[in-house]
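The values are calculated or read from the model by the stated rules, or taken from the named source; none is laboratory data. Quick caveat, the model's predicted, so the values are computed rather than measured. As a convention, Cβ positions derive from the backbone with ideal geometry for all residues, glycine included, and neighbour counts pool all protein chains shown. Heavy atoms of the whole protein, side chains included, go into the accessibility calculation; ligands, DNA and RNA do not. Shrake-Rupley method; radii C 1.70, N 1.55, O 1.52, S 1.80 Å.
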Amino acid sequence: MQITAIILTGGKSSRMGTDKALLELDGKTLLSRAVDLCSKVCDEILISSDAEEHRVGSHRLVADEVKDCGPMGGIYSCLNESSNQWNFVLSVDSPFVTADFIEFLKSEISDFDAVVPLHDGKKEPLIAFYRKSILPQIEAKIGEGNYKLHFLLQEINTHFVESDAWVKKYTELFRNLNYPEDISNTML
């Protein structure tokens, strides 16, 4: 099965105060780390951004077709550009996701519209698989001005995958870097 990676570059990064995608962790930008990770398990990589400084190698930048609707806008625009039916979405501020976890989620793909990890009762829609065929549902949500992925996931055939065992194995797996202290408190 061919997979496209959609790397969401972090939008306005207002809590961080600077462009998250270009922050360095262990000598590499968060964006470069995400591209390297996705290159191991995906056949195509799309970077959700219109900023030339987010270009990595020959991977395509995809600007939001509809502005100011958060991650849903990036997912929508990239799904429109994707060459594949299944797409792995990764937020650039989630640098502790592992290739084996992505492979695990991929193994859960079946007759669903989305495969979303669940841990401690929390959904992780920005580290998840989405089928390209949900474009009409996303377009409808954008048209309603409803940009919360939570509501989209309720309306499509979503497979929530219990991932607590993975968090025991990789304690930082779902940790996001949102504030400057998150970077300074991170040791790899």
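Structural remarks
- When region 102-160 is filtered for residues that are of a type in the set (Gly, Ala, Ser) and either in contact (Cβ under 8 Å) with a residue 12 or more places away in the chain or assigned to a loop (DSSP other than H, G, I, E, B) (or both), the ones remaining, listed by number, are 110, 114, 121, 128, 133, 145.
- Breaking point among (1) of a type in the set (D, E, K, R); (2) over 17 Å from the mean Cα position of the chain (by Cα); (3) open to solvent by 60 Å² or more (accessible area, probe 1.4 Å), for residue 164: (3)
- For region 76-101, a tally of residues being closer than 23 Å to residue 31 by Cβ and either part of a loop (DSSP other than H, G, I, E, B) or small (Gly, Ala, Ser) (or both) returns 13.
- With respect to being among the acidic types (Asp, Glu), under 29 Å from residue 143 (Cβ atoms) and modelled with pLDDT under 95, residue 50 fits the description.
- Selection over region 64-96 of residues that are open to solvent by 40 Å² or more (accessible area, probe 1.4 Å), charged (D, E, K, R) and touching a residue at least 12 places away in the same chain (Cβ under 8 Å) gives a count of 3.
- Residue identified as closer than 26 Å to residue 23 by Cα, open to solvent by 20 Å² or more (accessible area, probe 1.4 Å) and small (Gly, Ala, Ser) among 99, 128: 99
Table: residues versus (1) open to solvent by 70 Å² or more (accessible area, probe 1.4 Å); (2) not charged (D, E, K, R).
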position: 107; (1), (2): yes, yes
position: 113; (1), (2): no, no
position: 124; (1), (2): no, no
position: 146; (1), (2): no, yes
position: 169; (1), (2): yes, no
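- Looking across region 1-20, not a single residue is modelled with pLDDT of 90 or more and part of a helix (DSSP H, G or I).
- Residues satisfying the stated conditions in region 39-58, i.e. closer than 21 Å to residue 128 by Cα, in a loop (DSSP other than H, G, I, E, B) and either out of contact with any Ser or Thr (no Cβ under 9 Å at 6 or more places or on another chain) or open to solvent by 60 Å² or more (accessible area, probe 1.4 Å) (or both): 43
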